[in-house]
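All remarks here apply to the structure that follows.
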């Protein structure tokens with residue numbers, strides 16, 4: 001939900017909090033010039049104009065939300081802290097795990113609309129970082145580098161990173177102690193924690209020419225605790241299979257970036273996420289992938305409003321846990 005600031009301070013392990021406004025203004029001005037220039041293909045011009053509206057809306061929207069201190073789990077607890085967008089701090093099996101961590105304040109020219117719920121400097125040493133796919137809002141290299149550096153400062157050893165197949169070259173220089181690539185349904189075990197990489201309906205390319213990269217979600221299990229992070233995905237039959245094979249108790253499901261309608265080919269709407277939750281058979285649903293970045297054209301407040309309606313219609317309102325950024329919930 002939040003992303004920005006692409007630079008890091010080498011001496012601190014922290015993302016640089018300064019925002020170079022003039023540079024952003026120059027980029028926005030160039031986009032505006034491009035939009036005023038003649039574009040021969042009508043579809044391309046429509047898409048450029050639509051993206052320009054997202055950029056302008058984000059730029060003039062005040063950033064809201066607040067940053068908090070994480071609460072640490074006791075032995076045997078599953079602790080979950082929403083950082084924003086698709087980023088979570090998970091405490092499970094006695095380990096500290098980050099999933100798709102993105103602490104950026106700007107995602108290129110898109111302003112982050114809500115503060116990251118946590119700061120990297122306030123995190124305990126991280127044992128494991130999971131990346132669902134290579135898109136810039138999920139694999140944020142400056143955040144990942146700062147996390148590795150900070151953990152190494154705290155305990156002398158950098159975290160392990162798990163990614164889908166063919167993502168190694170994007171993260172090999174970020175300072176992690178080990179890089180693990182997984183195919184769908186493959187497992188990685190660290191201590192009492194088992195991580196399973198599961199399918200999704202999306203795509204993995206970071207740029208136009210690297211469609212070979214993998215993508216998917218993860219199911220984490222340690223003792224009685226289990227959690228599913230869907231990554232980016234459209235609704236598909238795989239939700240039912242994941243539920244049948246792995247039975248995760250907590251399901252983190254995207255509810256934003258679904259308009260125009262074609263976006264539902266790669267993202268779940270609130271309606272789709274509710275159906276996915278029912279297919280999974282999970283005990284709790286935690287919505288994600290809304291509010292931090294204007295990646296599509298639905299109103300910013302609409303995903304949660306529609307989710308409330310869909311959950312009520314499905315009779316699962318009491319199972320939906322909407323988390324404020326930075327607040328730790330124990331399951």
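What the table shows:
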| read-out | value |
| --- | --- |
| Selection count, the range 118-132, where residues are surrounded by fewer than 20 Cβ atoms within 10 Å (Cβ to Cβ) and in contact with a helix residue (DSSP H, G or I) (Cβ under 8 Å, 6 or more places away or on another chain) | 3 |
| Breaking point among (1) part of a loop (DSSP other than H, G, I, E, B); (2) free of Cβ contacts under 8 Å to residues at least 40 places away in the same chain; (3) farther than 22 Å from residue 248 by Cα, for residue 298 | (2) |
| Selection from the range 116-132 of residues that are touching a residue at least 60 places away in the same chain (Cβ under 8 Å) and closer than 19 Å to residue 194 by Cα | 127, 128, 130, 132 |
| Evaluation of residue 237 against (1) surrounded by fewer than 18 Cβ atoms within 10 Å (Cβ to Cβ); (2) without any contact (Cβ under 8 Å) to a residue 60 or more places away in the chain; (3) over 17 Å from residue 274 (Cα atoms) (one fails), failing number | (3) |
| For residue 194: the one exception among (1) touching a residue at least 40 places away in the same chain (Cβ under 8 Å); (2) touching a strand residue (DSSP E or B) at 6+ places or on another chain (Cβ under 6 Å) | (1) |
| Elements of type strands (runs of 3 or more DSSP E) in the range 133-201, at least 2 residues being at pLDDT 95 or above and touching a helix residue (DSSP H, G or I) at 6+ places or on another chain (Cβ under 9 Å) | 160-164, 178-182, 193-198 |
| Check on residue 268, surrounded by 18 or more Cβ atoms within 10 Å (Cβ to Cβ), in a loop (DSSP other than H, G, I, E, B) and either at pLDDT below 90 or touching a helix residue (DSSP H, G or I) at 6+ places or on another chain (Cβ under 8 Å) (or both) | yes |
| Residue within the range 221-232 that is farther than 30 Å from residue 74 by Cβ, out of contact with any helix residue (DSSP H, G or I) (no Cβ under 8 Å at 6 or more places or on another chain) and either touching a residue at least 12 places away in the same chain (Cβ under 8 Å) or part of a strand (DSSP E or B) (or both) present | yes |
| Total residues in the range 301-317, condition under 25 Å from residue 68 (Cβ atoms) and in contact with a helix residue (DSSP H, G or I) (Cβ under 9 Å, 6 or more places away or on another chain) | 5 |
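The values are calculated or read from the model by the stated rules, or taken from the named source; none is laboratory data. Just so it is clear, the structure is predicted and the values come from calculations on it, not from any experiment. Please note: Cβ atoms are built from the backbone with ideal geometry, for glycine as well, and neighbour counts cover all protein chains shown.
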